[in-house]
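First comes the structure, then the notes that go with it.
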Amino acid sequence: MKQFESDWTQFQELTPFLETGEVEYFADTSTKFSRIAKLFPILAYRINWMEVENVFLIVKRSENVFESATSGFIKKVFEVLGIEKHDKLDALFDGITEGGLTISAGILSELGFTFLLIAQHTYIIPDDCRWCINYTFEGQLHFGFAAGGQLETLERLEKELATAGIEAQLRLRK
């Protein structure tokens, strides 16, 4: 908790969850980033989304629309993937703020877009790194699967997003 408080004092919304143990801070993200690097193409220490087969992309056009779309997108991803509120995910950060959090999907959904603003780049992954949600400070949100693309799941997600009125571009590579 001390490390978190000194590094991330700007994100007070997490304090109650850290105190109850619902969110856990970890300083060393190297093992998890290494696992991502084994499963996703990497360029300049980041996932190279241009090389990922079948990926969703949301690009910031206006602040309010992007914030709403991003929060809704994350909730729809969890819904389509069958991720329950109590399921634990890892959130990794790089840039100004480093380290990571183990956090439930429910808390992550509750905090929504605000959560992504912790660092310059935020990666949300399950323990096995089979998929990743990645927010960049340049105003892009990516979502994709490691190896294989999971086209059927992505097409289902595309329909769910359209029904919810959330604009997201599905880029398919064949």
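The values are calculated or read from the model by the stated rules, or taken from the named source; none is laboratory data. Keep in mind that what you see is a predicted model, and the values were worked out from it rather than measured. Virtual Cβ from ideal backbone geometry, glycine too; neighbours counted across all protein chains shown.
If I go through segment 12-25 residue by residue, how many of them are more than 17 Å from the chain's Cα centre (by Cα) and either modelled with pLDDT of 90 or more or not β-branched (V, I, T) (or both)?
8
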Next item on the list: Could you grab me the full set of residues in segment 147-161 that are closer than 15 Å to G82 by Cβ and either modelled with pLDDT of 85 or more or touching a helix residue (DSSP H, G or I) at 6+ places or on another chain (Cβ under 9 Å) (or both)?
Entry: E152, T153, L154, R156, L157, E160
Next item on the list: State all residues of segment 122-174 that are touching a residue at least 12 places away in the same chain (Cβ under 8 Å), in a helix (DSSP H, G or I) and under 27 Å from S104 (Cβ atoms); if no residue qualifies, say none.
Entry: T153, L154, R156, L157, E158, E160, L161, A164
Margin query: Cβ-Cβ under 6 Å, sequence separation 6+ or interchain: first residue in segment 68-90 and at pLDDT 90 or above and surrounded by fewer than 18 Cβ atoms within 10 Å (Cβ to Cβ), partner assigned to a helix (DSSP H, G or I) and among the hydrophobic types (A, V, I, L, M, F, W, C). Which pairs?
Written below: V80/L157; K85/A105; D87/A105
Notebook entry, point to check: Quick one: is E53 among the acidic types (D, E) and outside any helix (DSSP H, G or I)?
Noted result: yes
Check: Restricting attention to segment 36-60, which residues are at pLDDT below 90 and basic (K, R)?
Finding: R46, K60
